[in-house]
Amino acid sequence: MRVCTTVRPEIVQRLSATEARSAFHERVLDGVRRFLQDQAMVGKTGARDFYEFEKTLHERLMQAEREIVGEVMRASDVDADAIEIEGRVHRRVLRSAQTYMTAAGEVTVERWLYKDRRDPTAHALAALDRKLGIVEGFWTQRAAEQASWVVSQMTPQAAEKLFERVGNMTPSKSSLDRLPKALGDRWEANRESYEDVLREAIVVPDETCSIAVSIDGVLAPVDGAESPTDVRAKARPRGGRARGQPVTARWDARCWRSATSRETSSRPSDSAAGLSRRSSRSRRRYAKTWPTCCRSGPT
């Protein structure tokens, strides 16, 4: 007796997707396996051979990571006729490719774009960017976190060279220059509320006897400070320029500094009055919460 069964379409679709993922994983891993089989260090003990092996292995692993990250991003895309963004209905308009900077380097992903058709001036938006938290339409969160920290320690030009030497992602100087400015604009739009949240998160140790809020000078990297004489002459020391920054310090009964907290560095355009207001807000918060400790105001 023969029994005929019909497989539901959704089951067929799931099986096909599973098979496709398995084939993708095998293809990515096969590249690494072949390299290890062909380039194994059997009988090779020279320094140059080992250097080339280590370098090439890192490149292959980064290539595999880019392929995996790109595949996950493609699978995370939103495929719907219409979606709601900030309370407004956006309808699907077209599918377009976009290059993103990940922590392993650039990947190109095709994703759907959606637009509010009631507004003729509105731009098409990628739902994928919002879903994954893409920064400025280009950086993944991990890549943006790394890049923003590096450019806070050195100039974008020096950061570009550093990333080239490390061999993971290789953002350009212009991209590294734009990122902190874009993040700064977002921060400045809601600076007071963000800083209030950060102040509330500060924990004052029980042994603290004194809290002081002051404005300290910090050295911020200056782009181009390596070559132009006029810029370098203004930098103190070379490659940095002084900026104001509110600082909170805590001391215990032995007059030992127990902790120091620094708020976000100011921009060159920040006035002394603006820095003083920020310090005053910190002082008022500490005076309200720990009145017996906060005895000194901004200096």
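Brief remarks on what is shown
- Qualifying residue in the range 158-168 (condition: at pLDDT below 95 and closer than 23 Å to residue 76 by Cβ): yes
- Residue within the range 83-98 that is surrounded by 13 or more Cβ atoms within 10 Å (Cβ to Cβ), under 23 Å from residue 26 (Cβ atoms) and of a type outside the set (A, V, I, L, M) present: no
- Odd one out for residue 102 among (1) surrounded by fewer than 15 Cβ atoms within 10 Å (Cβ to Cβ); (2) more than 17 Å from residue 85 (Cβ to Cβ); (3) not charged (D, E, K, R): (1)
- The selection criterion, being without any contact (Cβ under 8 Å) to a residue 60 or more places away in the chain and on the phi > 0 side of the Ramachandran plot, does not hold for residue 84.
- Pick from the range 63-82, criterion of a type outside the set (Gly, Ala, Ser) and more than 30 Å from residue 168 (Cα to Cα), ranking: surrounded by the fewest Cβ atoms within 10 Å (Cβ to Cβ): 81
- Within the set 164, 160, the sole residue that is within 30 Å of residue 106 (Cβ to Cβ), acidic (Asp, Glu), within 19 Å of the chain's Cα centre (by Cα) and loosely packed, with under 14 Cβ neighbours inside 10 Å turns out to be 164.
- From the list 65, 106, 59, 110, the lone residue that is within 19 Å of residue 163 (Cβ to Cβ), modelled with pLDDT of 95 or more and among the acidic types (Asp, Glu) is 106.
- Selection status of residue 108, surrounded by 12 or more Cβ atoms within 10 Å (Cβ to Cβ), assigned to a strand (DSSP E or B) and either touching a residue at least 60 places away in the same chain (Cβ under 8 Å) or not charged (D, E, K, R) (or both): yes
- Residue match in the range 66-77 (condition: outside any helix (DSSP H, G or I) and not basic (Lys, Arg)): yes
- Residues that are outside any helix (DSSP H, G or I) and under 29 Å from residue 52 (Cα atoms), drawn from the range 155-201: 167, 168, 169, 170, 171, 172
The values are calculated or read from the model by the stated rules, or taken from the named source; none is laboratory data. Nothing here was measured: the structure is a model prediction, and the numbers come from that model. Virtual Cβ from ideal backbone geometry, glycine too; neighbours counted across all protein chains shown.
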